[in-house]
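Colleague: Below are the structure tokens for one structure; questions will follow.
The values are calculated or read from the model by the stated rules, or taken from the named source; none is laboratory data. Everything quoted here is computed from the prediction, not taken from an experiment. Positions of Cβ are backbone-derived with ideal geometry, glycine not excepted, and every protein chain shown enters the neighbour counts.
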Amino acid sequence: MSADTPILEIKNLQVQRGGAPVLDISSLALAGGEILCLIGPNGAGKSTLLLTLARLLKSSKGEISFKGRRIDSNHSMLTYRRNLSMVFQEPLLFDTTVYENIASGLKIRGMNKNEIKDIVEEYAERFGIYPLIDRSAKKLSGGEAQRTSLARAFATKPEIVFLDEPFSSLDPPTRESLIGDLDRVLRETGTTAIMATHDQMEALRLSDRIAVMNQGRIAQIGTPEAIMNTPADAFIASFVGVETILNGEIVRTGAGTVICHVQNGEIEAVGNAKPGERVLCCIRPEHITLSTGAPQEGASARNMFSGRIVRISPMGLFYKISLDCGFFLTAFVTILSAENLALEEGKPVFASFKATAVHLIRRSARG
Amino acid sequence: MKKSQRASNGLWIALLCLFMLSPGLSAARPAQRNIILSTTTSTQDSGLLDVLIPIFEKKTGYFVKTIAVGSGQAMAMGQKGEADVLLVHSPAAEKKFIAEGYGVNRRIIMHNDFVIVGPPSDRAGIKGVKSAAEAFKKIAAANVIFMSRGDNSGTHAKEKVIWKAAGITPGGQKWHQETGLGMGQTLAVAAEKKTYTLADRGTYLALKKNLGLDILTEGDAILLNIYHVIEVNPLKWPRVNAAGAKAFADFMVSKQTQKIIETFGVEKFGSPLFFPDAGKKEEALGK
Amino acid sequence: MDIVVEGIKHAFILLLTLDREVLGITWLSLKISGSATFLSMFIGVSVGTAVALNQFPGRRFVVSLINTGMGLPPVVVGLFVTISLWRHGPLGFLEILYTPTAIVIAQTVIATPIVMGISLAAIQHLPANLKLQILALGATRLQMVWMLVKEARLPLLAAVMAGFGGVISEVGASIMVGGNIKGYSRVLTTATVMETGKGNFDIAMALSIILLLLAFTINAILTHIQQRERPR
């Protein structure tokens, strides 16, 4: 196996349930040491993909190769499975001590007692649960239990780890702490990982690549920046959180820029579309700046619109501001800024954003 | 793997258990060692067989499986060839059994008798009545309950014979209650309700002290309960242990056994439970 | 109520004087019901687990059968076993009617569906992904089944206790197939029925009490195993 051989490779993988395909992936390759995050709505096929990759679910078509070798026969499946680990959303611990849980994978492999002891203690330490090592699994908190599950998964020194929304049922501070530990251990051990998650912050933080899944297919795969800033279609765009999507038609072009006519206005964007083309303009809410006074001449934002605040919705650390400028814009504003600008519903404001903040999706693409 | 090791260990233990409990291949002289003796619960309950069988087994090396059931079932087992020898006391049914070719060598062993028992208050006034049929007529006429076993046992068969002799059909009448139980239990129920029933003397004597019922009518010839031993016909059922059946039947009529029968129960109850009759004719019995 | 008191007194006298016949009957009861429970545990836990973990056509029907079997009337079992084992029946050549072995067979048939049904429910009650988690840890199928059985040990031991309880107290089938032969196939339950039938209520009561003591002792041991915290 050369250094270029992907550690895991899929060709034409299909999984059927009740006659209908629930997973259909034409190709996917994972490099050694890479961390790939799967995001997508419920039912998109993230869990199905993980379970199929771990050979815990039968595929109806296609092949999976591990380090260049196909995984199909029962024998190769067992050997393959002993090179991987999986962590589920529930800790799924055994009714025994933390020590025994972490050791379970090693015991399955027939390791002797002394070797086991060293490894178990090492990984308990790595995930911060060494003091709990003799405690019964039934008496652990949610975070401690999931740490145990992680320690158990890593103790067998897997080449690939599959994680299916491992932190979904934990509260934010616990989640924070665990993500940090997982990140560290992954980097330290150089383990390849595929993780399904609902939380985009998690995905942004951990992954080398992100795959967006929808209806059993991979809609887009790429670096976090690529996904977030250049979503391939409207679905991805709306899923990863670009809030403003406007229908438009190119009316003019300039030097690397185009002007789109949208309902009641014109937006300048960066792109190579031709006049007459129908496009979608996508603008991330954090790229829109609001001000109450008319902005200065020569300000860098090329797109400036006056409008009225229609709705203010709290969104955790931000306010989501819906504006009517002849077309609807959605902006994120920090609570502090909102207070400084004394924003309230019905107030007239100015919204501005750079041409580079506008991402064009050509209408011929899917969506 | 741990599980399969444990599984195979367990399988050996299980097989060992089965083997431990099987009749075993112990030293036995006769070729077909087991004899299935089907008899009635009252015979079994008298305790006579508990004395006789060990003697027989020791002497011959046979192993006797005494299956004590109701008379009806005992004969049915013989009809199906599922027993080797019968020890029963239902003369009418036995004669039919022989006539139909199911049994051979019907030989008389002993007799005891039935008694009509009831509460000391005796509202039907049968005390001292000599004829059993008369006593039954009086019971039917008085406003009292009669406890029947109602289970086609020898006792029940005898009871039906007496009703017939009395010209009464008690079936379905409110004062004639059927327990469907064994002799001991039926006596207990009759004692509880302070009322009348027909019982074999042996069982009555064994339970007398707790019952509070007295013997009110006895001695009528019709109350005789005669025991025969019948070997199941090997021509009809080749698989029966014909040799064993014959050995057992011969044993039952033998002098020593008859002597034991004669004295059985005297020590415990003051009078014998059975009267040995081997070699006598059935019609000659009774006064 | 003094019959009960009499019975208790009698029971202790029989036990303390080590009455040979009673001890023999008690030991036989234990051997027979113990063997039947053991066999039914093997068949019941393995089949119950197999049905719980696998999908196959007709599975729901099989589960209904097992659940129905849990309520199988013991006397019906006794009748069928008798018919099979008697001389001219299909298995007559084995010549095991009216032997303790026949009682073990009948009791095993009675206990197995009980153990099977409860095992099935016990394994199905485990978290749905636990099987996958164990496989993901690199377990072979056999290791996986063993680990699941360990996880479900509480209800599985309850299943065994239910099976044992069902057979130690069984009388109808035991009389039919065993014949209640003195010193050979007479067990506590059949002896109790016989003594009651004879009208010897005090002996019957004593035997009942011994039976209760036996059942309690065995179950106390099994409960201890079930409830103890795993060491290490």
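Colleague: Out of all the residues in the range A:298-332, which are charged (D, E, K, R) and at pLDDT 85 or above?
Modeller: Residues of the range A:298-332 that are charged (D, E, K, R), as a first pass: A:302, A:308, A:311, A:320, A:324.
A:R308, A:D324, listed by residue number.
Colleague: Could we say that B:L273 is buried (at least 17 other Cβ atoms within 10 Å of the Cβ), in contact (Cβ under 8 Å) with a residue 12 or more places away in the chain and not assigned by TED's automatic domain parsing to the domain that holds B:F63 here? Show your work before the answer.
Modeller: Values: buried (at least 17 other Cβ atoms within 10 Å of the Cβ): yes; in contact (Cβ under 8 Å) with a residue 12 or more places away in the chain: yes; not assigned by TED's automatic domain parsing to the domain that holds B:F63: no.
Considered against the rule, which asks whether it is buried (at least 17 other Cβ atoms within 10 Å of the Cβ), in contact (Cβ under 8 Å) with a residue 12 or more places away in the chain and not assigned by TED's automatic domain parsing to the domain that holds B:F63, B:L273 comes out as no.
Colleague: Looking only at residues that are outside any loop (DSSP other than H, G, I, E, B) and free of Cβ contacts under 8 Å to residues at least 60 places away in the same chain in the range B:222-255, which one is nearest to the other protein chains (Cβ to nearest Cβ)? Steps first, answer last, please.
Modeller: Quick first cut of the range B:222-255, residues outside any loop (DSSP other than H, G, I, E, B) only: B:222-232, B:242-253, B:255.
Among the residues that remain, those that are also free of Cβ contacts under 8 Å to residues at least 60 places away in the same chain are: B:250, B:255.
Details: B:D250: 22, B:K255: 26 Å.
That would be B:D250.
Colleague: Pick out the one residue from C:L65, C:L15, C:L28, C:L23 that is on the phi < 0 side of the Ramachandran plot and crowded, with 20+ Cβ neighbours inside 10 Å. Give the steps one after another, and end with the answer.
Modeller: Working: C:L65 fails: crowded, with 20+ Cβ neighbours inside 10 Å; C:L15 fails: crowded, with 20+ Cβ neighbours inside 10 Å; C:L23 fails: crowded, with 20+ Cβ neighbours inside 10 Å.
None of the others qualify; the one that does is C:L28.
Colleague: Determine which member of the set C:N200, C:N180 is surrounded by fewer than 22 Cβ atoms within 10 Å (Cβ to Cβ), within 14 Å of chain B (Cβ to nearest Cβ) and modelled with pLDDT under 95. Talk me through it step by step, then tell me what you get.
Modeller: Details: C:N180 fails: surrounded by fewer than 22 Cβ atoms within 10 Å (Cβ to Cβ).
After applying the criteria, what remains is C:N200.
Colleague: Of all the strands (runs of 3 or more DSSP E) wholly in the range B:34-133, which have at least 2 residues that are under 29 Å from C:H88 (Cα atoms) and more than 14 Å from every other protein chain (Cβ to nearest Cβ)? Break it down stepwise before answering.
Modeller: Working: elements: B:34-40, B:63-69, B:85-88, B:103-118.
Qualifying strands (runs of 3 or more DSSP E): B:85-88, B:103-118.
Matching residues to (1) in a helix (DSSP H, G or I); (2) surrounded by 15 or more Cβ atoms within 10 Å (Cβ to Cβ); (3) at pLDDT below 95:
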residue: C:F93; (1), (2), (3): yes, no, yes
residue: C:I96; (1), (2), (3): no, yes, yes
residue: C:P113; (1), (2), (3): yes, yes, no
residue: C:M116; (1), (2), (3): yes, yes, no
residue: C:A128; (1), (2), (3): no, no, yes
residue: C:V145; (1), (2), (3): yes, yes, yes
residue: C:V149; (1), (2), (3): yes, yes, yes
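Colleague: Sort out which residues of the range A:214-254 are small (G, A, S) and either buried (at least 18 other Cβ atoms within 10 Å of the Cβ) or at pLDDT 80 or above (or both), and write them in order of number. Write out each step before concluding.
Modeller: Filtering the range A:214-254 down to residues small (G, A, S) leaves A:216, A:219, A:222, A:226, A:232, A:234, A:237-238, A:241, A:248, A:254.
Hits for the range A:214-254 are A:G216, A:A219, A:G222, A:A232, A:A237, A:G248, A:G254.
Colleague: Among the residues of the range A:69-83, is any modelled with pLDDT of 90 or more, away from chain C (no Cβ under 14 Å) and not in a helix (DSSP H, G or I)?
Modeller: Scanning the range A:69-83, I find no residue that is modelled with pLDDT of 90 or more, away from chain C (no Cβ under 14 Å) and not in a helix (DSSP H, G or I), so the answer is no.
Colleague: Next question. Any residue in the range C:102-112 that is under 18 Å from the mean Cα position of the chain (by Cα), within 7 Å of another protein chain (Cβ to nearest Cβ) and among the β-branched types (V, I, T)? Let's see the steps before the verdict.
Modeller: Step one: list which residues in the range C:102-112 are under 18 Å from the mean Cα position of the chain (by Cα), which gives C:102-112.
Pick out the ones that are also within 7 Å of another protein chain (Cβ to nearest Cβ) and you get C:104.
When the remaining residues are screened for being among the β-branched types (V, I, T), the result is C:104.
Looking for residues that are under 18 Å from the mean Cα position of the chain (by Cα), within 7 Å of another protein chain (Cβ to nearest Cβ) and among the β-branched types (V, I, T), one finds at least one in the range C:102-112, hence yes.
Colleague: Let me ask something else. Which condition number in (1) buried (at least 22 other Cβ atoms within 10 Å of the Cβ); (2) out of contact with any Phe, Trp or Tyr (no Cβ under 6 Å at 6 or more places or on another chain) is the one that A:D24 fails?
Modeller: (1)
Colleague: Quick one: how many residues across the range B:193-207 are assigned to a helix (DSSP H, G or I) and either of a type in the set (A, V, I, L, M, F, W, C) or modelled with pLDDT of 90 or more (or both)?
Modeller: Number satisfying all stated conditions: 3.
Colleague: Please count how many residues of the range C:157-167 are crowded, with 23+ Cβ neighbours inside 10 Å and farther than 18 Å from C:V81 by Cα.
Modeller: Qualifying residue count for the region: 4.
Colleague: Looking at (1) more than 30 Å from B:E82 (Cα to Cα); (2) free of Cβ contacts under 8 Å to residues at least 12 places away in the same chain; (3) of a type outside the set (A, V, I, L, M); (4) within 14 Å of chain B (Cβ to nearest Cβ), find the lone condition where C:R153 falls short.
Modeller: Going through (1) more than 30 Å from B:E82 (Cα to Cα); (2) free of Cβ contacts under 8 Å to residues at least 12 places away in the same chain; (3) of a type outside the set (A, V, I, L, M); (4) within 14 Å of chain B (Cβ to nearest Cβ) one by one, C:R153 breaks only (2).
Colleague: I'm trying to understand the selection: among the residues of the range B:185-200, which are surrounded by fewer than 24 Cβ atoms within 10 Å (Cβ to Cβ) and either in contact (Cβ under 8 Å) with a residue 40 or more places away in the chain or within 11 Å of chain C (Cβ to nearest Cβ) (or both)?
Modeller: Let us first name the residues in the range B:185-200 that are surrounded by fewer than 24 Cβ atoms within 10 Å (Cβ to Cβ), namely B:185, B:188-189, B:191-195.
Within the range B:185-200, B:Q185, B:A188, B:V189, B:A191, B:K193, B:K194, B:T195 qualify.
Colleague: Regarding the range C:41-53, can at least one residue be identified that is in a loop (DSSP other than H, G, I, E, B) and more than 16 Å from C:V187 (Cα to Cα)? Can you show your working first?
Modeller: Quick first cut of the range C:41-53, residues in a loop (DSSP other than H, G, I, E, B) only: none.
No, every residue in the range C:41-53 fails to be in a loop (DSSP other than H, G, I, E, B) and more than 16 Å from C:V187 (Cα to Cα).
Colleague: Something else about it: Got a number for residues in the range C:183-223 being without any contact (Cβ under 8 Å) to a residue 40 or more places away in the chain and either touching a strand residue (DSSP E or B) at 6+ places or on another chain (Cβ under 6 Å) or charged (D, E, K, R) (or both)?
Modeller: So the answer is 2.
Colleague: So C:T192 fits all but one of (1) within 14 Å of chain B (Cβ to nearest Cβ); (2) of a type in the set (S, T, Y); (3) under 23 Å from C:L18 (Cα atoms); (4) surrounded by 23 or more Cβ atoms within 10 Å (Cβ to Cβ); what number is the exception?
Modeller: Among (1) within 14 Å of chain B (Cβ to nearest Cβ); (2) of a type in the set (S, T, Y); (3) under 23 Å from C:L18 (Cα atoms); (4) surrounded by 23 or more Cβ atoms within 10 Å (Cβ to Cβ), C:T192 violates only (4).
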